[in-house]
Structures are given as structure tokens and as C-alpha cells.
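The values are calculated or read from the model by the stated rules, or taken from the named source; none is laboratory data. A quick note: this is a predicted structure, and the numbers were derived from the prediction, not measured. Note that we place each Cβ from the backbone using ideal geometry, even for glycine, and neighbour counts take in every protein chain shown.
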Amino acid sequence: MSQTFDVIVLGLGAAGSSALYHLSKTGKKVCGIDQFSPPHTFGSSHGQSRIIRQAYHENPKYVPLVKQAYDYWAELEKESGRQLFKQTGGIMLGHRDAGVVKGAELSAQTHNIPYEYLDSHTINQRYPAFKPGEATVGILEKTAGILFPEDCIEANLNLAAKNQAEIRLNEKVISINPHEHSVEIVTAKGRYTTDKLVVSAGAWLTELLPEPHLPLTVERQVLYWFKNSDSSPSRPVLNELPVYIWEYTPGKIFYGFPDLGDGIKVAHHHAGEPTTPHTLTKQVREDEVQAMSEVIGRYFNINPVFNYATTCMYTNTPDENFIIDHHPNYKHIIVASPCSGHGFKFASVTGKILSDMALDKKPEADISMFSIHRF
């Protein structure tokens, strides 16, 4: 016998858990379904830390959205009683003409975000762990920091459950069957009927919704943790670093975090090979570790010692902007792919947007650039 809901959310990672949390506060009968038990290590929302920043080098149009996200993360922190955000400051590094530098400065100036423009000497003085070249400059934004992704997802789900949302974990979806005014979901454990469906399944999205042939690709992403083998009294302090995004050569970027206990966390941005959730290679090769170790040796004043690594996935659109829209053929299905390796920070507000869309409310944020029809 089918169970009936007002709204069902498929996929309870960053965006889906947030959507379920916001929906759970509306008085509607809502349900969240996930094939795993989030927070987990199989998708894109793990690895201890995510960067949040306002001087958004990708596009100034994202800045109003991330400002709202800060507010919703603070609300979630207060309601859950957990620390979900740590302010560290954030620095965008590179040549003065690098995209991350010029883009961050443009967003800061466009939206009146306080920042400092640092030359290489000032960078080295203020952050002795960095080893910038003479031509390296930095855009420093003091309000940037770290989100703790597993804690964020757990807070969303715990509060959603407290608000009477039903949560079905370790339940794989077999099929989605749209009808004129409802959607049937068949899982390995049962059948569900819902007036509105939100699909936020990350790398599994195109499997669940093969129509309308979304041009999504999935990329393997490796995250590394390195400690400093230098034990001298003058060694740089790594736990006081800001978060950082460094365009070290045109088009090549690594990003990272201060030492939160396991060493500095670093990763290349958009440098992984294509994959799928079913073919993802989780083992990290020695040559990959060596290559990252060389990058750290070149741009940090430390003696890097590899601690450990893990893998996740970037689900990408061709233009690296999100998809948040109604299914072109079924207006009661909402497609959410806030992705391309820069989506987690927005999850708090993305969830509110998805909740509003499921309730036929116009979102407060302008999401026109995330239209599915641009493809």
C-alpha cells in the first residue's frame, strides 16, 4: 500500500537535508529518502570542512545568495545548539591578473564587502606558512571561514525529525513515475505517492531522472591531509591560517584549510578524472600524493608529511552554475543540482529555496541563472 505525502525529498545530502529541514517547519506532511545513511562518505558532502566566503570570484551574482546562506547557517546553529561554522578569514591568492584574485575583488567591490589587498611581502609576514612568489597577491576577506559538512547535514536531519518529518534511510529508489497531479516513487522497501517531489541526488541525479537529459558530468575529487614534520620552535603555526584558494598557474587552483587536528587539508579544484558513482576509485595513488606533496613544498614553508586522503565527487554542469528549477515536463518535480564543486556553502539557503518552490511560493532569491532551460 502506497504512503502519501505532500512533499518528498530524494537525496539527503547538503541541499536535500536542508530542504527537508525547511519543509518540516511548514506543517506539511513531508518525507526524506536516501539510499545511504547521511552523513556518509559515498557522495559529495563529507571531508570535515567546506569553505564559505562572500568575495565570490566565480561570479558577483552569487554574493546575495551566499549572504542569505550565512543567515540561515546561523539560524541552524542556534536551533541545533551545535557549532557549524568557524570564522577563519579567507584569502584568494595568485598573480594580480589571476581569475580568483580579479573575481574576488570584483565581487567585493560590487557588493561592498570589506577586504584587504595584500602584496607578497605582507602575505609572508602575516602568514609565514605561505611561500608566495614576488608576483603573488592576495584578497583577504575576514568573514570567510569553515562549515563542518557532516555536522550541518546531521543538524538538518535531526531537526527535521524533531519537526515530525519522516526519514527513510538505506532505501534505494527503483523508479520515479510522474502522473498528472502526483508522483509515485517505488523503492526497494515500498511505494510512496506525493504531490511534489524534490530530487537532490547529486551524482545519482541523471540515473533517477534520465529525462530531460541533463548535461551533468561527475569528476573524482581527492582531499589530502598533510602534517608538518618541522618541530623547530620557529615553525609556522598552521591552525591559525585562513581558508585559502590559490591560482598558482593560470587556470590551475588548489584550495585548503588550517590545521584542525589532522594537518592542513588541501585539494586541487577541477583536476580529477571523469567517473560515476559506480566506478569511483576510492583508493588514492602514491603518484597523486607525491604530486600534491610537491605543490605544498613549493607554496608552503613546511616539510609536508602525508597523513591520509579521501575521495568525493564533483557533479558538474557545463557552465559550473547550479541547476535549481522545475522539471520541464512535470512542474510538480523540482530538480536540484547545486553543484560543480562550490555548492555546499549555499545549502542552507538552497534548502529554503527548494522548500518555497515545493509549496508554490516564489523564492526570495533570484535563481534565474540556475534555469534548466539554458541547456
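Here the condition is being at positive phi and surrounded by fewer than 21 Cβ atoms within 10 Å (Cβ to Cβ); of GLN3, GLN68, GLN48, it holds for GLN48 alone.
Rundown of residues vs (1) modelled with pLDDT of 95 or more; (2) out of contact with any helix residue (DSSP H, G or I) (no Cβ under 9 Å at 6 or more places or on another chain); (3) not in a strand (DSSP E or B), yes/no style:
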{"residue": "MET1", "(1), (2), (3)": "no, yes, yes"}
{"residue": "PHE5", "(1), (2), (3)": "yes, yes, no"}
{"residue": "GLN54", "(1), (2), (3)": "yes, no, yes"}
{"residue": "VAL66", "(1), (2), (3)": "yes, no, yes"}
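Applying the selection to the range 251-274, what residues are more than 19 Å from the chain's Cα centre (by Cα) and modelled with pLDDT under 95? GLY251, the sole residue that qualifies. Annotation note: Cβ proximity below 9 Å between a residue of the range 37-65 that is more than 27 Å from GLU171 (Cβ to Cβ) and a residue that is at pLDDT below 95 and part of a loop (DSSP other than H, G, I, E, B) (sequence gap 6+ or interchain) occurs for LYS61/ASP366; PRO64/ALA365; PRO64/ASP366; LEU65/ALA365; LEU65/ASP366.
From the set of residues in the range 306-364 that are β-branched (Val, Ile, Thr) and surrounded by 23 or more Cβ atoms within 10 Å (Cβ to Cβ), which is nearest to SER44 (Cα to Cα)?
It comes out as THR315.
The listed residues are THR110, THR88, and the only one of them that is among the hydroxyl-bearing types (Ser, Thr, Tyr), out of contact with any His (no Cβ under 9 Å at 6 or more places or on another chain) and surrounded by fewer than 17 Cβ atoms within 10 Å (Cβ to Cβ) turns out to be THR110. Residues considered: PRO178, PRO242, PRO250. Of these, the only one that is assigned by TED's automatic domain parsing to the domain that holds VAL305, surrounded by 15 or more Cβ atoms within 10 Å (Cβ to Cβ) and touching a residue at least 60 places away in the same chain (Cβ under 8 Å) is PRO242.
Whether a residue is over 29 Å from LEU76 (Cα atoms) and not aromatic (Phe, Trp, Tyr) was assessed, and ALA161 does not pass this test. Of the residues GLY89, GLY94, GLY32, the single one that is at pLDDT 95 or above, touching a Leu at 6+ places or on another chain (Cβ under 7 Å) and farther than 28 Å from GLU166 by Cβ is GLY89.
Reported count of residues in the range 66-84, each being under 13 Å from ILE153 (Cα atoms) and either in contact with a strand residue (DSSP E or B) (Cβ under 7 Å, 6 or more places away or on another chain) or free of Cβ contacts under 8 Å to residues at least 40 places away in the same chain (or both), is 3.
Looking only at the range 10-25, decide whether some residue is under 30 Å from TYR299 (Cβ atoms), in contact (Cβ under 8 Å) with a residue 24 or more places away in the chain and touching a helix residue (DSSP H, G or I) at 6+ places or on another chain (Cβ under 6 Å). Looking through the range 10-25, at least one residue is under 30 Å from TYR299 (Cβ atoms), in contact (Cβ under 8 Å) with a residue 24 or more places away in the chain and touching a helix residue (DSSP H, G or I) at 6+ places or on another chain (Cβ under 6 Å). One residue stands out in the range 108-146 among those that are part of a loop (DSSP other than H, G, I, E, B) and free of Cβ contacts under 8 Å to residues at least 24 places away in the same chain: the one that is nearest to GLY263 (Cα to Cα), namely GLY133.
You will find that of VAL289, VAL284, VAL295, the residue that is in a loop (DSSP other than H, G, I, E, B), under 30 Å from THR136 (Cβ atoms), assigned by TED's automatic domain parsing to the domain that holds GLN125 and under 25 Å from the mean Cα position of the chain (by Cα) is VAL284 and no other. Against the list (1) in contact with a helix residue (DSSP H, G or I) (Cβ under 8 Å, 6 or more places away or on another chain); (2) modelled with pLDDT of 95 or more, the condition PRO212 fails is (2).
Yes or no, residue by residue, for (1) over 16 Å from GLU219 (Cβ atoms); (2) of a type in the set (Ser, Thr, Tyr):
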site	(1), (2)
TYR255	no, yes
PRO258	yes, no
ALA267	no, no
ALA271	no, no
THR281	no, yes
SER293	yes, yes
GLY297	yes, no
ILE302	yes, no
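Out of curiosity, is THR26 within 18 Å of the chain's Cα centre (by Cα), surrounded by fewer than 21 Cβ atoms within 10 Å (Cβ to Cβ) and part of a loop (DSSP other than H, G, I, E, B)? Answer is no for this residue. With respect to (1) under 16 Å from GLY43 (Cβ atoms); (2) assigned by TED's automatic domain parsing to the domain that holds ARG126, the lone exception for VAL266 is condition (1).
Only one entry in TYR70, TYR127 is aromatic (Phe, Trp, Tyr) and in contact with a helix residue (DSSP H, G or I) (Cβ under 9 Å, 6 or more places away or on another chain), namely TYR70.
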